[in-house]
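Peer 1: Quick one: structure below, then a few questions.
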Amino acid sequence: MNGCVLVVDPGDKRLGMAISDQSGTVANPLTVIAHISRTIDAGVIAQLANDHDVILIVVGQALDDEGEVGPKARSAQRLAEAVRQQTEITVELWDESGSTRAARTARFEMGVSRRKRSGHLDELAATVILQSYLDAHA
């Protein structure tokens, strides 16, 4: 992979963003945006992708315990479609099940204090999703 990959971790209130290095091997937190509407969010995502020379946008979708598409996953699919309508960059969906739990565990293992661990995990969860995507496509 030669170029950056942008991952979006969609949530009800915020969308976490992470970006890879140019080689597509290391995930880094990028930003968190407040959810406004699907169309506006998609425009912000497309703009971020253009600003960072992204070659692929990955939208995390949480599948249920049986790996089926539920309401959250359908919402992610609709967001991915809205992004596709605003950019020529390829948009893929990736199963993000367990990413928030993994982000919480990572914060704990990094020795972050209990008080600071209670904050938002959006950026870190996006980084976890991106790293799992990059590892699977290495």
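Peer 1: Which of the residues that make up the range 11-36 are among the polar types (S, T, N, Q) and in contact with a strand residue (DSSP E or B) (Cβ under 9 Å, 6 or more places away or on another chain)?
Peer 2: Taking the range 11-36 and keeping what is among the polar types (S, T, N, Q), we get 20, 22-23, 25, 28, 31.
20, 22, 28, 31, listed by residue number.
Peer 1: Restricting attention to helices (runs of 4 or more DSSP H) lying wholly within the range 46-125, give those where 1 or more residues are at pLDDT 80 or above and either on the phi > 0 side of the Ramachandran plot or not acidic (Asp, Glu) (or both).
Peer 2: On the way: elements: 71-84, 99-109, 114-117.
Where helices (runs of 4 or more DSSP H) fall fully within the range 46-125 and carry at least 1 residues being at pLDDT 80 or above and either on the phi > 0 side of the Ramachandran plot or not acidic (Asp, Glu) (or both), they are 71-84.
The values are calculated or read from the model by the stated rules, or taken from the named source; none is laboratory data. Note that the structure is a prediction, hence the values are computed from the model and not measured. FYI the Cβ positions are ideal-geometry reconstructions off the backbone, even for glycines, and counts take in every protein chain you see.
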